[in-house]
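**Q** First, the structure itself, so that you have it in front of you.
The values are calculated or read from the model by the stated rules, or taken from the named source; none is laboratory data. Everything numeric in this text was worked out from a predicted model, so none of it was measured. FYI the Cβ positions are ideal-geometry reconstructions off the backbone, even for glycines, and counts take in every protein chain you see. All accessible areas refer to the heavy atoms of the entire protein, side chains included, with ligands and DNA or RNA removed. Shrake-Rupley method; radii C 1.70, N 1.55, O 1.52, S 1.80 Å.
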Amino acid sequence: MLKTIVLIGMMGSGKTSVGKELAKKLKVAFIDVDQEIEKKYQMNIPEIFETKGESFFRKIEENISCKLINGKPCVISLGGGSFLNKRIRNKIKINAISIWINTELDKIYKRLNESKNRRPLLNYKNLKKSIKEIYDKRKPIYKKADYKIQIKSDNKKLIVENIIKKL
């Protein structure tokens with residue numbers, strides 16, 4: 001593998017689980033940017049948002065993402081909002097291949113509603129509406145990815161095969 005593969009898409013779309021499977025198949029490392037941030041700051045993402053604010057989070061997300069994209073070829077899962085950052089998108093354009101994991105909103109709703117991991121940008125009192133608003137805002141940017149994988153099944157092996165075919 002000559003280039004890093006960067007998975008983008010909504011929170012709860014399956015980037016991490018698909019990314020792990022893809023990395024295993026390609027025999028390269030898998031890195032989840034959110035997990036890297038949590039490790040470095042010894043806090044989960046909601047705590048970082050709460051104590052340091054979203055702009056602090058976006059800055060460290062940008063720095064860590066760009067450093068990883070410039071590194072050894074691997075599979076990277078970006079946070080849902082990372083691809084909105086122009087500097088991150090430019091680094092990906094130069095050094096990597098971006099793949100939009102486009103999962104149906106009903107699936108995302110089900111996953112996020114059942115998850116114990118609370119996402120700081122969501123309004124859980126009106127979760128469906130909140131997810132749709134974020135998706136509608138991000139979709140034009142997600143469309144700039146090199147490839148789009150439409151997720152219709154939860155079969156990770158099938159999804160990974162589709163990604164490999166596209167590549």
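**Q** Treating the beta-carbon of each Lys and Arg as +1 and of each Asp and Glu as -1, no other charges, what is the dipole magnitude of region 74-167 about its Cα centre, to the nearest 20 debye? Mind dumping the intermediate values first?
**A** Details: 26 positive and 8 negative charges, 58 e Å.
About 280 debye.
**Q** Please compute, for the alpha-carbon atoms of region 56-159, the extent along each of the three principal axes and give them in descending order in Å.
**A** Principal-axis extents of the Cα atoms in region 56-159, largest first: 38, 37, 26 Å.
**Q** Kindly report the accessible area of the chain per residue (heavy atoms of protein chains, probe 1.4 Å, no ligands, DNA or RNA), in Å².
**A** Per-residue accessible area for the chain comes out at 56 Å².
**Q** Picking from A29, Y124, A96, whose Cα lies most toward the positive end of the charge dipole for the chain (charges on Cβ: Lys, Arg +1; Asp, Glu -1)?
**A** Going by the charge dipole, the pick is A96.
**Q** Same structure again: Collect residues whose amide H, placed 1.01 Å from N in the peptide plane, falls under 5 Å from the amide H of G79; neighbours closer than 5 in sequence don't count.
**A** Counting only residues 5 or more places away or on other chains, the set is V33, D34.
**Q** Would you mind checking which residues have amide H under 5 Å from I151's amide H? H placed 1.01 Å from N; only 5 or more apart, or other chain.
**A** It is N102, T103, E104, by chain and number.
**Q** Straight-line reach from K128: which aspartates and glutamates have a Cα under 14 Å away, not including same-chain ones fewer than 8 places off?
**A** Reachable aspartates and glutamates: E104, D106, E114, D136.
**Q** In whole Hz and in residue order, list the ³J(HN,Hα) couplings for region 151-162 that follow from phi through the Karplus curve 6.51 cos²θ - 1.76 cosθ + 1.60, θ = phi - 60°; x for Gly and Pro.
**A** Per residue, the Karplus-derived 3J(HN,Hα) values read 8, 10, 9, 9, 6, 4, 4, 5, 4, 4, 4, 4 Hz.
**Q** Output ³J(HN,Hα) for region 64-76: one whole-Hz value per residue in order, computed from phi by the Karplus curve 6.51 cos²θ - 1.76 cosθ + 1.60 with θ = phi - 60°, and x for Gly and Pro.
**A** With coefficients 6.51, -1.76 and 1.60, one gets 5, 4, 5, 4, 5, 5, 7, x, 4, x, 7, 10, 10 Hz.
**Q** If I compute solvent accessible area with a 1.4 Å probe over the protein chains, what percent of it on region 72-167 is carbon and sulfur?
**A** 50
**Q** From Cα pairs below 8 angstrom and at least 6 apart in sequence, can you work out the relative contact order of the chain, rounded to a whole percent?
**A** 33
**Q** Right, something else. With every atom except the alpha carbons ignored, what do you get for Rg and Dmax of region 1-56, in angstroms?
**A** Cα only, region 1-56: 13.5, 39 Å (Rg, Dmax).
**Q** So how do Y147, Y142 rank on accessible area, 1.4 Å probe, biggest first, that is with the largest at the start?
**A** From most exposed to least exposed: Y147, Y142.
**Q** Something else about it: Tell me, what are the semi-axes, in whole angstrom and largest first, of the equivalent ellipsoid of region 1-134 as set by the roots of 5 times the Cα gyration tensor eigenvalues? Could you put the intermediate results ahead of the total?
**A** Values: eigenvalues 113, 63, 36 Å².
Semi-axes (√(5λ), whole Å): 24, 18, 13.
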